[in-house]
Amino acid sequence: MTPPVSSKRQGELAARVEKAVLTTPVYDIHTHLYDPAFGELLLWGIDDLLVYHYLVAEAFRQFDLPYDKFWAMSKQEQANAIWNALFIEHSPISEACRGVLTTLNRLGLDVKKRDLPALRKWFAKWKVADYTTHCMEVAGVQRICMTNSPFDDVERVVWERGFNRDERFTAALRIDPLLLSWHDSAAPRLRDWGYDVTPQLSEKTVSEVRRFLADWTRRINAQYLMVSLPPDFRYPGDQACPRLMETAVLPHCREFGLPFAMMPGVKRGVNPQLKLAGDGVGHCDTATYENLIAAHPDNKFLITALARENQYSLCVAARKFRNLHLFGCWWFTNIPSLIEEMTRMRLELIGLSVTPQHSDARVLDQILYKWEHSRRIIARVLVEKYADLAATGWEPTNTEIQRDVQDLFGGAFDRFCGRHQARATQLPSARPAKKPGRRK
């Protein structure tokens, strides 16, 4: 029988794991960020951090003002109100509030002074390109995958005009309107753009939808297609959504060798007065996704579910379907207690064939706190699992630990997608913060 692992050896193991987790570069495989060439679509800075919809929803629990009065305020006025309600009048202990403080701390700013005007002055000195590089270096993020929708009028113009792409930003083709609003909005818009479609899903219409998908996949060099789905989505079915998946989207993904990412469980507009902050969560039917995946063994599927209640059954499904890859802790599950629970459960059920986290960042600066918080949790879970191995006599080497962490931080995802890109194995040594450039 192998003797128990001594506390000294456990400490040494923990140090090796933590070093690997904290220094390995990340591929952030799902965000709502943009290449800096998209201009104002790339959100960043203290005001955007404060008016993030997580904090808006939380602040309204403290506000004593009508919704319409808040929405009539300027962004800076909204940020002032949220700062006062959540940071000055109450201790900022929620994950969203703590995230703002972690971000400022990682940037080297003094949060003890509680000086919002001084923070604004610091951010105002930066050029967006320099700040993007600085954030990615401090966060240890090597690549960022955007969320890109042809149905967004502002974004579409940028793609059609063309721009010099930042190679650190990859693209994902978002097709929610196509699948969820075919009759009301998607079909008319495709007709306006020159695609010969009708509301009825005829053979000709399906062919034109595939042409649309091919055009945009090539235009943005999409790494995968994606959709967020309501809790009541069902497959198979006679509605436009499952029929378009069956006849257009999945054949397109097979032709182009791309995964199809599904994000189930969002209930849109639970409280419309909160606007973007008003969406809720619902439990989805895992059997629907098992049916879809089983019916299309030649397709690859990515899934991250919004409801905690779906995580276990999806882990079991991933054990049964090798063409399913689970990723991230999305939205309401992106809190420390659930990140730890989900990471531990996934490693225990499906091992290292998972991408445990993506930032889902909507504001550039958020990659600093989301990856700082998640790295610490992932390291803690890995230390526990490697200690369990060591107790059996199987002690992981530094090379094996580094390999495993690289898999968790993008390597397993790249391999699942059929890509084998060379990745840096370690972040550069910590450097002093760059001197801010003048903001454009």
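Table for the structure above
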| quantity | calculated |
| --- | --- |
| Those residues of the stretch 58-78 which are assigned to a loop (DSSP other than H, G, I, E, B), aromatic (Phe, Trp, Tyr) and without any contact (Cβ under 8 Å) to a residue 60 or more places away in the chain, in sequence order | 63 |
| Filter result for the condition that a residue is over 30 Å from residue 267 (Cα atoms) and among the hydrophobic types (A, V, I, L, M, F, W, C), over 190, 180, 107, 101 | 107 |
| Selection within the stretch 276-294 - surrounded by 15 or more Cβ atoms within 10 Å (Cβ to Cβ) and part of a helix (DSSP H, G or I) | 277, 278, 286, 288, 289, 290, 291, 292, 293 |
| Residue list for the stretch 244-275, filter: surrounded by fewer than 18 Cβ atoms within 10 Å (Cβ to Cβ), among the charged types (D, E, K, R) and in a helix (DSSP H, G or I) | 254, 255, 275 |
| Selection count, the stretch 118-158, where residues are closer than 21 Å to residue 27 by Cα and either assigned to a helix (DSSP H, G or I) or modelled with pLDDT under 95 (or both) | 12 |
| Single residue of 128, 209 found to be closer than 16 Å to residue 38 by Cα and touching a helix residue (DSSP H, G or I) at 6+ places or on another chain (Cβ under 8 Å) | 128 |
| Output for the stretch 308-343, where each listed residue is in contact with a helix residue (DSSP H, G or I) (Cβ under 8 Å, 6 or more places away or on another chain) and assigned to a loop (DSSP other than H, G, I, E, B) | 321, 323, 329, 334, 335 |
| Single unsatisfied condition, residue 420 versus (1) in contact with a helix residue (DSSP H, G or I) (Cβ under 6 Å, 6 or more places away or on another chain); (2) over 22 Å from residue 19 (Cα atoms); (3) at pLDDT below 95 | (1) |
| Scan of the stretch 102-135 for residues that are touching a residue at least 60 places away in the same chain (Cβ under 8 Å) and within 17 Å of residue 373 (Cβ to Cβ), ordered by number | 102, 103, 106, 107, 135 |
| Residues of the stretch 332-375 that turn out to be surrounded by fewer than 22 Cβ atoms within 10 Å (Cβ to Cβ), in contact with an Asp or Glu (Cβ under 7 Å, 6 or more places away or on another chain) and of a type in the set (Val, Ile, Thr), as a count | 1 |
| Count of residues meeting criterion [among the acidic types (Asp, Glu), closer than 20 Å to residue 32 by Cβ and not in a helix (DSSP H, G or I)] in the stretch 159-202 | 2 |
| Hits in the stretch 79-99 - residues which are in a helix (DSSP H, G or I), free of Cβ contacts under 8 Å to residues at least 60 places away in the same chain, in contact with a Lys or Arg (Cβ under 8 Å, 6 or more places away or on another chain) and surrounded by 14 or more Cβ atoms within 10 Å (Cβ to Cβ) | 87 |
| Odd one out for residue 47, checked against (1) more than 28 Å from the chain's Cα centre (by Cα); (2) acidic (Asp, Glu); (3) at pLDDT 95 or above | (1) |
| Index of the failed condition, residue 102 passing every other in (1) farther than 28 Å from residue 261 by Cα; (2) loosely packed, with under 13 Cβ neighbours inside 10 Å; (3) not hydrophobic (A, V, I, L, M, F, W, C) | (2) |
| Conditions (1) surrounded by fewer than 19 Cβ atoms within 10 Å (Cβ to Cβ); (2) touching a Phe, Trp or Tyr at 6+ places or on another chain (Cβ under 8 Å): number failed by residue 324 | (1) |
| Sole exception among (1) under 21 Å from residue 145 (Cα atoms); (2) outside any helix (DSSP H, G or I) for residue 297, by number | (1) |
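So that you can scan it fast, the table gives a plain yes or no per residue for (1) basic (Lys, Arg); (2) in contact with a helix residue (DSSP H, G or I) (Cβ under 6 Å, 6 or more places away or on another chain); (3) touching a residue at least 12 places away in the same chain (Cβ under 8 Å); (4) over 25 Å from residue 362 (Cα atoms):
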| residue | (1), (2), (3), (4) |
| --- | --- |
| 203 | no, no, no, yes |
| 231 | no, no, yes, no |
| 239 | no, no, no, yes |
| 254 | yes, no, yes, yes |
| 257 | no, no, yes, yes |
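The values are calculated or read from the model by the stated rules, or taken from the named source; none is laboratory data. No experiment lies behind these values; they were computed from the predicted model shown. Glycine also receives a Cβ, built like all others from the backbone with ideal geometry; neighbour counts cover every protein chain displayed.
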